[in-house]
Amino acid sequence: MSSDHKKHIDAVTGVATTGHEWDGVRELNMPLPRWWLWIFYATIIWSIGYWIVYPAWPLVTTHTSGVFNWNARQAIIDDMATLKAQRAVMTDRIAAAPLEDILSDSQMLSFARAQGRAAFADNCAPCHGAGGGGMRGYPNLVDDDWLWGGKLQDIALTLRHGIRSTDDKGRMGVMPAFGRDKILERPDILAVADYVRSLSTLSVTKGADLARGKKVFAENCAACHGENAKGNREIGAPDLTDQIWLFGSGRDVIVEGIINGRGSVMPAWGGRLDDTTIKSLAVYVHTLGGGQK
């Protein structure tokens, strides 16, 4: 490349070019803005200081601790300890109080609901929804329809030991797989599905044999759901007459449930949350709108 080309001065800006040219377009030899350079140098100095005062460099089995000897994990531990100390008075009161006494004490109730709301958002909302409204397969905690009972003690027991969980004290009721295990033939399954829908005043298939369905129900389903199909909270058998359906009320959905059974699982929170938090959660869920006395 010739020296004349390197020394070319742009006619418009009066600035020398770098000598690079693409399709007749020349690159101006413009220096970086001074303010940008000073900021760049400052970041270099800042990074060196950061390496000195904070943990930064990995070693064989550990890392440099820095002059400040600070780390995020310990900061969180310290913050949690401070928060626990601030809450100690109320948490100790709740830990010592029976569940019913928490409801009758406005101060404890307010604290328990606040603590329960936070625990619910962290642990329960992914299944039951942010407001406890539930979704298909996950119970609505706002209404007054409870599979295992809606009293404070019932809710606390369910929270502590779970449903069909690994806890030996958990709720263990399971609906058999009548079709998969060859307990019922398909015509009986279809008939009892129509009969069950009729109990909730839902429409049934034209020509459905409700008499046959009633007989199948009495022989196979009444033992858990009751002769009047009102359910049994001792084993978590739902009321089939109240038009509230956990998995949906469509005929195909009911048939599928009869064929394969039902047995959803709720974790046992007793091994994950402390007793005070479980009490607060029970109070919070109980006060969502469907709690029973």
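The values are calculated or read from the model by the stated rules, or taken from the named source; none is laboratory data. The structure displayed is predicted, hence computed values, not measured ones. Counting neighbours? That spans all protein chains shown, and the Cβs are built from the backbone with ideal geometry, glycine included.
Among the residues of the range 48-106, what is the count of those that are in a helix (DSSP H, G or I), hydroxyl-bearing (Ser, Thr, Tyr) and either touching a Pro at 6+ places or on another chain (Cβ under 9 Å) or not assigned by TED's automatic domain parsing to the domain that holds LEU152 (or both)? Residues that pass the stated criteria total 1. Those helices (runs of 4 or more DSSP H) of the range 186-293 in which at least 1 residues are in contact with a strand residue (DSSP E or B) (Cβ under 6 Å, 6 or more places away or on another chain) and without any contact (Cβ under 8 Å) to a residue 60 or more places away in the chain, considering only elements entirely within it, cover 222-225. Every condition in (1) aromatic (Phe, Trp, Tyr); (2) under 36 Å from the mean Cα position of the chain (by Cα); (3) more than 30 Å from GLN115 (Cα to Cα) is met by TRP46 except one, and the failing one is (2). The set of residues in the range 132-165 that are within 10 Å of VAL285 (Cα to Cα) and in a loop (DSSP other than H, G, I, E, B) comprises GLY132, LEU141, VAL142, GLY150. Does at least one position in the range 194-201 carry a residue that is touching a helix residue (DSSP H, G or I) at 6+ places or on another chain (Cβ under 7 Å) and under 17 Å from ARG262 (Cβ atoms)? Taking every residue of the range 194-201 in turn, at least one turns out to be touching a helix residue (DSSP H, G or I) at 6+ places or on another chain (Cβ under 7 Å) and under 17 Å from ARG262 (Cβ atoms). Looking only at the range 120-128, decide whether some residue is more than 27 Å from the chain's Cα centre (by Cα) and not aromatic (Phe, Trp, Tyr). Within the range 120-128, none of the residues are more than 27 Å from the chain's Cα centre (by Cα) and not aromatic (Phe, Trp, Tyr). For the range 2-47, the set of residues classified as assigned to a helix (DSSP H, G or I), modelled with pLDDT of 85 or more and of a type outside the set (A, V, I, L, M, F, W, C) consists of ARG34, TYR41, THR43, SER47, listed by residue number.
Taking the listed residues ASP122, ASP143, the one that is surrounded by 13 or more Cβ atoms within 10 Å (Cβ to Cβ), more than 17 Å from ALA156 (Cβ to Cβ) and among the acidic types (Asp, Glu) is ASP143, with no other qualifying.
For beta carbons closer than 9 Å, sequence separation of 6+ or different chains, a first residue in the range 88-102 that is surrounded by fewer than 17 Cβ atoms within 10 Å (Cβ to Cβ) and a second that is among the polar types (S, T, N, Q), the qualifying pairs are ASP92/THR276; ALA95/THR276; GLU100/GLN153.
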